[in-house]
Structure formats: C-alpha cells, structure tokens
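Structure record follows, encoded as structure tokens.
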C-alpha cells in the first residue's frame, strides 16, 4: 500500500492528539524494564524538570510544571511495563493526556509548544502498523496493531449460518443457502477491511479465524490487499481475552 502515513496511524492510536494546541507538553522517557516502580519515575520526572527549567521562560516553565504533574499522575495510573520507553503528551485546555508505549528506546526529551512527534513517527516508520481481521462465517472483528497496542476497530455482524442435518435434495439446497449466507457475511468483512486499509493507517494485514473462513476471506480480497497479508494468526472470535491474545501472537509473528 502506497498511502501509509505514520501520522494517521498515530491518530488512530491516540485520536485526542488531533486537538492539541501549540501550548502542549511532550516528553519521551525510558520505561523501567523490571516493571513499574514509582520511585524510578519520580527520579526520571524530577531530572527532566531540572534539565529543562533553565531553558524555558517563566510562563513556559509554569506550564511545564503543571502538565508534568498531570503526566506523572497518568503514568502512576497506567503503570508502563514491558516496553523500553514511552511518550507522553499533555494539553489540559484541549483535553489531551496521553501515554504511548514505544517499541524502541529513544533519547529523553521534553518540549513545550507544538507536539514533538518526530521520535514516535520514526518508530511508526520502522514498525509499520498492521490491521488484524478476525473472521468466521457469521461475524468479523478488526483491530489495529500499532506500536505496543491492539486497538478494537469494527465489529461486523452477519446473518446466522445454519447447517441442516436433513438428507436428500433438501440438504443440498440448505447447504447452498448456508454457503451463500457465509459468502455474503465474508463479503461484508472484506468491504470493512478495504475501507480501513484505504485510510492510510496500516501497511500490512494479519488474518485470524477458523481455517475455512480465513481461507475464503483471503481469496475474496482484492489483489492489492492480498499483497499486504503478512501472516495468519490462530485467534478466534469466541476467545474471552481476544485483545491480549492478538497482542501476544502479533509480537511472536514479527519477532526477528
């Protein structure tokens, strides 16, 4: 796909960033690899404040200190772990408070003004997001795999597909009806995926679901989308922890 845009992918991951003004606070910090520890982040935030205080005007310093308190509280709630670094963005008047886990380490940074997006956009170029389509003969769900997150997108409900146990000609007729319903359901899922892949937010695709439905769905994809399929996953729609399961399976699929 030639229309992929890291910025559009970022706005799927954190849509409130679209509302940020030119008076926002952006930070990039390492995450503690051993798990969340409040003291570790107290030190990191304090060091960042001290390092940048002398570089800012009194007005910007006041804004930085206020928004950094909001970000520090947010980190205590989110408790980042399992990632090398994270980015944080805050702009209270415009409803912005985001913490995004990163896939790679990055330099510690703080900026007051326009959002500092270059470091996170570089990571979105190095780790292109994928659309995940989980399908069966009746339903489909799509998810965005962006950096360290799995974002639920669409839920497509199709027509119930019943399989008759009757014999003879009626069985063949009922089977054709069931096959036609399943095909129509999968066509609806294909249209959803076409629309989402055309958004410019994804560069590749993973398909999950029962083997038969997954294979039929892939055959129905336009050739341009077939070329974006990066792999198949064994997750199914009836999983009680589908989002977590997809995150683990995508991580395993892209591991070098």
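A short reminder: the numbers here are calculations on the coordinates, not readings from a lab. None of the values given here were measured: they were computed from a predicted structure. Note that each Cβ is placed from the backbone with ideal geometry, even for glycine, and that neighbours are counted across all protein chains shown.
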**Study point:** C-alpha long axis of helix 58-78 to longest principal axis of the chain, angle in °
**Key:** 40
Review point. Going 7 Å from the Cα of residue 122 in the Cα-to-Cβ direction, what parts of the range 65-106 have a backbone nitrogen less than 16 Å from that spot?
Key: 84-88, 102-106
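Dividing the alpha-carbon radius of gyration of the range 199-256 by 2.2 N^0.38 Å (N being the number of residues), what value is obtained?
1.17
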**Study point:** Likely footprinting exposure, 94, 127, fewest C-beta neighbours within 10 Å first
**Key:** 94, 127
Check your understanding: Dimensions of the chain along principal axes (Cα, Å, largest first)?
Key -> 85, 35, 34
Check your understanding: How much length is gained on full extension from residue 66 to residue 42, taking 0.36 nm per residue of separation minus their Cα-Cα distance?
Key -> 7.1 nm
Check your understanding: Given 10 Å bins starting at zero, what is the percent of C-alpha pairs of the range 6-126 in each, up to the one with the largest pair distance?
Key -> 13, 49, 34, 4
